[in-house]
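> Sharing a structure, written as structure tokens. Questions coming.
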Amino acid sequence: MSKPARGLRSDGEATKTRILEAAGELFAATGYAETSNKDIAARAQVDLASINYHFGNRSGLYQAVLAAAHDQLLGMADLRRMVGSESPPESKLRALIEQLVAQAMQEPQVWQLRVLAREVLAPSSHLQVLFQDEALPKMLLVRQLLSEITRISVQDPALTRCQMSVITPCLMLLVGGRTFPGPLKEIFQMSSQAIASHLYHFAMGGLGAIAREYAEQAKS
């Protein structure tokens, strides 16, 4: 009796994954407003009822696509392992930057990056949900890591500025992509190693300066 149930669950998960992949590719190519459930069903080779069954509606499907894209970019489990490891905090930061740069430099860029870029450049009501559910918990872990490096409290606004300075260049690479005109296009002609190394050393120089300034202010 249990074998058919497992088969049904397996088929259901396969269908759900197929719908998610099809939707992600279409949302990345044409955007949320221009992608219909009918288009997604045709690409995934399912009926319309399957979309509602697995995701509730088109809005639920889009939110699931954004969440999957964000997890592909930086999985929560991977980030927890990285931040919680016994490595020196500086090594953890370097590993994080290298991972983000490697994701951005993929050729061709995967639909996950394109769909996130669309949402960030033309935000919808779904962006706030994505931030609260996916981005914020990861930001708090990165904040913890930067606190280890600078000895600045995680509650201090100075650490917010540090986080913005360290992560924003990586986000520019991820969101802009290799087709973005200007200096960013030139950056994509460089090696992933060179870019990651530069961003790491630049970040560490800035964090060191802020940490020293913070320590001097604390003494006075």
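The values are calculated or read from the model by the stated rules, or taken from the named source; none is laboratory data. Note that the structure is a prediction, hence the values are computed from the model and not measured. Don't worry about glycine lacking a Cβ; one is built from the backbone with ideal geometry, like all the others, and counts go over all protein chains shown. For the accessible areas, the whole protein counts, side chains as well, though only heavy atoms, and no ligand, DNA or RNA atoms are used. Shrake-Rupley method; radii C 1.70, N 1.55, O 1.52, S 1.80 Å.
> Taking only protein heavy atoms and a 1.4 Å probe, what accessible area per residue, in Å², does segment 1-141 have with all protein chains in place?
In whole numbers, segment 1-141 has 54 Å² accessible per residue.
> Can you give me the % of accessible surface on the chain that is carbon or sulfur? Probe 1.4 Å, all protein chains present, nothing else counted. Intermediate results must be reported in sequence, preceding the final value.
Values: 7070 of 12390 Å².
Here it works out to 57 percent.
> How much length is gained on full extension from GLU216 to THR168, taking 0.36 nm per residue of separation minus their Cα-Cα distance?
Gain in length upon complete extension: 14.6 nm.
> In percent, how large is the relative contact order of the chain, given Cα pairs closer than 8 Å and 6 or more residues apart?
With pairs under 8 Å counted, the relative contact order is 22 percent.
> Could you give me the percent of Cα pairs per 5 Å distance bin for the chain, shortest bin first, beginning at zero and ending with the bin that holds the maximum distance?
All Cα pairs, binned at 5 Å, distribute as 1, 6, 13, 15, 16, 14, 12, 9, 6, 4, 2, 1, 0, 0, 0 percent.
> Okay, moving on. Counting just the Cα atoms, what span does segment 107-210 cover along each of its three principal axes? Round to the nearest Å and put the largest first.
Over segment 107-210, Cα extents along the principal axes are 39, 35, 19 Å.
> List the lysines whose Cα lies under 20 Å from the Cα of LYS138, skipping any in the same chain that are fewer than 8 positions away.
Excluding near neighbours in sequence, the set is LYS92.
> Using the 2.2 N^0.38 Å rule of thumb for compact globular proteins, work out how segment 74-138 stacks up: its C-alpha Rg over that value, please.
1.29
> If you don't mind, there's one more thing I want to ask. Debye calculation, C-alpha points only, no solvent: report log10 I(q)/I(0) for segment 1-103 at q = 0.22 Å⁻¹, in the same order as the q values.
For segment 1-103 at q = 0.22 Å⁻¹, log10 I(q)/I(0) is -1.04.
> By how many degrees, 0 to 90 and rounded to 10, does the Cα axis of helix 136-150 deviate from the longest principal axis of the chain?
It is inclined by approximately 20 degrees.
> Sticking with this structure for a sec: Pick out, from ALA14, VAL142, HIS198, the residue whose Cα sits farthest towards the positive end of the charge dipole of the chain, with +1 on the Cβ of Lys and Arg and -1 on the Cβ of Asp and Glu.
Projecting each Cα onto the dipole axis, the largest value belongs to ALA14.
> Highest GNM mean-square fluctuation, the chain, Cα pairs closer than 10 Å: which of ALA203, ALA122, ALA44?
Greatest mean-square fluctuation among the candidates belongs to ALA122.
> Taking the Cα atoms only, what angle lies between the long axis of helix 192-219 and the longest principal axis of the chain, rounded to 10 degrees?
So the inclination is approximately 50 degrees.
> Counting Lys and Arg as +1 and Asp and Glu as -1, each charge on the Cβ, what is the dipole of the chain about the Cα centre in debye, to the nearest 20?
So the dipole magnitude of the chain works out to roughly 220 debye.
> Right, something else. Quick one: net charge around ARG58, please, counting Lys, Arg +1 and Asp, Glu -1 for every other residue with C-beta under 11 Å from its C-beta.
Here the count lands on 0.
> On to the next question. Can you tell me the 0 to 90 degree angle between the C-alpha axis of helix 89-104 and the longest principal axis of the chain, rounded to 10?
Approximately 40 degrees, to the nearest 10.
> Also, I was wondering about something else. Where the centroid of each part is defined by its Cα atoms, how far is segment 115-129 from segment 141-159 in Å?
Centre-to-centre (Cα) distance: 27 Å.
> In deg cm²/dmol, rounded to 500, what helix-only [θ] at 222 nm does the chain give when every DSSP H run of at least 4 residues adds -39500 (n - 2.57) and the total is split over its residues?
Value at 222 nm, helices only, nearest 500: -25000 deg cm²/dmol.
> Taking N as the number of residues in segment 40-158, what value does Rg over Cα atoms divided by 2.2 N^0.38 Å take? List each step's numbers first, then the result.
Working: Rg = 17.3 Å, N = 119, 2.2 N^0.38 = 13.5 Å.
For segment 40-158, the normalised Cα radius of gyration is 1.28.
> Let's see if you can work this out: charge +1 on each Lys and Arg Cβ, -1 on each Asp and Glu Cβ, no other charges. What is the dipole magnitude of segment 68-119 about its Cα centre, in debye to the nearest 20?
Approximately 80 debye in magnitude.
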